[in-house]
Every structure is written in structure tokens, then in C-alpha cells.
Amino acid sequence: MTAQHDQTQILDQTPAGISRASTILRRGGLVAIPTETVYGLGGDARNPAAVKAIFAAKGRPVHNPLIVHVADLDTATELARLDDTARTLAQHFWPGALTLVAPLRDGHGLAPAVTAGLDTVALRLPAHPAARALLAEFGGPVAAPSANPSGQISPTTAAHVMAGLSGRIAAVLDGGACPVGVESTIIGTDDTGRAVVLRAGGISPEMMAAVLGYLPVPTKSATITAPGQMASHYAPRASVRLNARTRDGQEVWIGFGPDCAGADFTLSENGDLAEAAAQLFAILHKADATGRPIAVAPVPEYGLGLAINDRLRRAAAPR
């Protein structure tokens, strides 16, 4: 069932592995959990010591709130007040790559550090079968930011998690490669009840527009109101240059589309944004392993391209 690697166990996604992961969470330990977006570093969202351990393992700033993962809509509504917009989106996109930010209910029971002092909480119901099985087995909310050292490239395989957090956490539940490959879209609502995009992600604005009847727009607030809004984030060790139509000097060039012959790596040879999103972080890990500066070809700014470009801009931001 398990394999020992340094101090961190690798658990497979069998009932025995799920049960072991749940036991670790109940005891206040940390387990990296596969989701359809990226691997999350899970801890009991009601246990202050477990939540503190998440921040410590990642080296995450305490003013950066966490996403709370739940097993069902009923649990979400016990923790927060979901308005009509949030409920509509949940009914269409949960389980899935969507996080909803909503006001906390009195008596919610979450550890204070989860929300970083905000009066709202970010909630998600993931679609990955291993994550859903673990949430059901555990029977409570699980706080889970991406399972990597803070600010670095997000993990889409168990090996990525181990490379960054081995020895710092109790276990990794190995659910294979994450099929979406970029984090969830985070949605809040404005004073009029309209949806606003707090972070671009795996559910595009166009997909939500088909449900809401209007296109959600990005927030204009400079204040951190949700996870994933740090200016420098998802960053490799090497420098990153964007909109590069060819390599410069010793750069590793990451291409996109058919016009990038000769690229060292390609997000998608035929310009498929879903394929590019699924491969983004894995290719950034490979490019960074070369020790050379990284250049990335232009990626269109629509659909999943919004999330891809968001991650690339944060990866290239001054650190």
C-alpha cells in the first residue's frame, strides 16, 4: 500500500491508501492530495495546528488565504452563505475546477488562519476521484493550497510534490498526473451580486457566461481577497521571458502552436489551449531543471489562455 521515501509516505489511491490518508488528516498531519487541477497540500481545516503546519511546510505568507475543499454542496453551505450566483455556478461546475468565495457563517468552525483574517472563505468541491473519496472518508473540510514550496512551480504529479516537500509532510496520495493542469478559477461576487474573477483558472469566463448570461470580469482590487493573487507566484528558479518568438542565447524556449519549430519544449504543437494548460507546469519543471533562462512563446488571451497567461506573468514577475 505504501512506500517509504525519506520521511514522506507515498500512498496509492486504493481504499487502503485513502483510509491511511484520512487517518493522517484526523491526527493533524498533512497529505498531498491529487485534484484535477494540481496537487493540494491537505490538512484538517478545523485544526489550528494542522493549518499552521500547512503554512510552515510551504513557507507560505500568513496573509495569503487557503482554499477549503469539501465533499458536497451541503458542507459548503454549512461553512458559508452562498448567494444565488454562487449556487448557480456550483450547480453547473461542481465537482470541478471552480472555487467560490463567499461570506463565512457564524459557527463555521474553521481555523482562523484558513481565511487569513478575512470574513470570507474560498470553497471548492474537486472532481478527482481520489480527492472525492478522501473527503468522503475524512468527513470534514480540508484546507489545501498547492503542494509546493510557496511561490514555486505548482505540482501536477506526485513526483513534483516529492521534489519540493519530501520530508516536510506525512504523505502524498498518488493519483497520477492532474488532467486540467492549472489551478481552479476563483469567483467572488460584487455589490450587485454579479460574478467577478478573482483568479483565472480551469473554468473559462466563456463557460461561465453560458450559464450566467454575462461574461464575468477580473477584479480590479489590488488587495488580496483570495488565494493565488500574489504578484510573484508559480515561479521557477530561472528567469522567465514571455512572448518570445525565438530563443535568445542560451535560453530554453517553450513553444506554442505550429510556428515554433525548434522549440526545446512545446505546450501544444497544434495550439490546443486545454493541452497547453495540462502541460504548463510539467514543462516549466523540465525547463527549470536545465538551469538555463526560460523563454515562452505567445499564448492567446482567451479561454484557458487567460489562466495560462496569468500563471506565466506571475512566474515572470520580479521576485
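The values are calculated or read from the model by the stated rules, or taken from the named source; none is laboratory data. Worth saying up front: this structure is predicted, and the values here are computed from it rather than measured. Glycine also receives a Cβ, built like all others from the backbone with ideal geometry; neighbour counts cover every protein chain displayed. Protein only, heavy atoms only, side chains kept; ligands, DNA and RNA dropped before computing areas. Shrake-Rupley method; radii C 1.70, N 1.55, O 1.52, S 1.80 Å.
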Note to self: Every residue in the stretch 255-278 that is of a type in the set (A, V, I, L, M, F, W, C) and either surrounded by fewer than 20 Cβ atoms within 10 Å (Cβ to Cβ) or over 23 Å from the mean Cα position of the chain (by Cα) (or both), please.
What the structure shows: Cys260, Ala261, Ala263, Phe265, Ala274
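Counting just the residues of the stretch 190-210 that are in a loop (DSSP other than H, G, I, E, B) and free of Cβ contacts under 8 Å to residues at least 60 places away in the same chain, which one comes out nearest to Val38 (Cα to Cα)?
Selected residue: Asp190.
Can you report the number of residues in the stretch 35-65 which are more than 22 Å from Arg311 (Cβ to Cβ) and of a type in the set (Asp, Glu)? Step through it out loud before you land on a result.
Filtering the stretch 35-65 for residues more than 22 Å from Arg311 (Cβ to Cβ) gives 43-53, 56, 62.
Among the residues that remain, those that are also of a type in the set (Asp, Glu) are: 44.
Total satisfying the criteria: 1.
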Item checked: Residue list for the stretch 154-185, filter: aliphatic (A, V, I, L, M), open to solvent by less than 10 Å² (accessible area, probe 1.4 Å) and out of contact with any strand residue (DSSP E or B) (no Cβ under 6 Å at 6 or more places or on another chain) -> Leu165, Val182
Note to self: For the stretch 1-97, give me every one of the strands (runs of 3 or more DSSP E) that falls completely inside it and has 3 or more residues that are of a type outside the set (Val, Ile, Thr) and either within 23 Å of Gly117 (Cβ to Cβ) or under 20 Å from the mean Cα position of the chain (by Cα) (or both).
What the structure shows: 40-44
Notebook entry, point to check: Of (1) in contact with a Leu (Cβ under 6 Å, 6 or more places away or on another chain); (2) open to solvent by 40 Å² or more (accessible area, probe 1.4 Å); (3) in contact (Cβ under 8 Å) with a residue 60 or more places away in the chain, His108 satisfies all except one. Which?
Noted result: (3)
Notebook entry, point to check: Going by the structure shown, is Ala57 of a type in the set (A, V, I, L, M, F, W, C) and either surrounded by 20 or more Cβ atoms within 10 Å (Cβ to Cβ) or on the phi > 0 side of the Ramachandran plot (or both)?
Noted result: yes
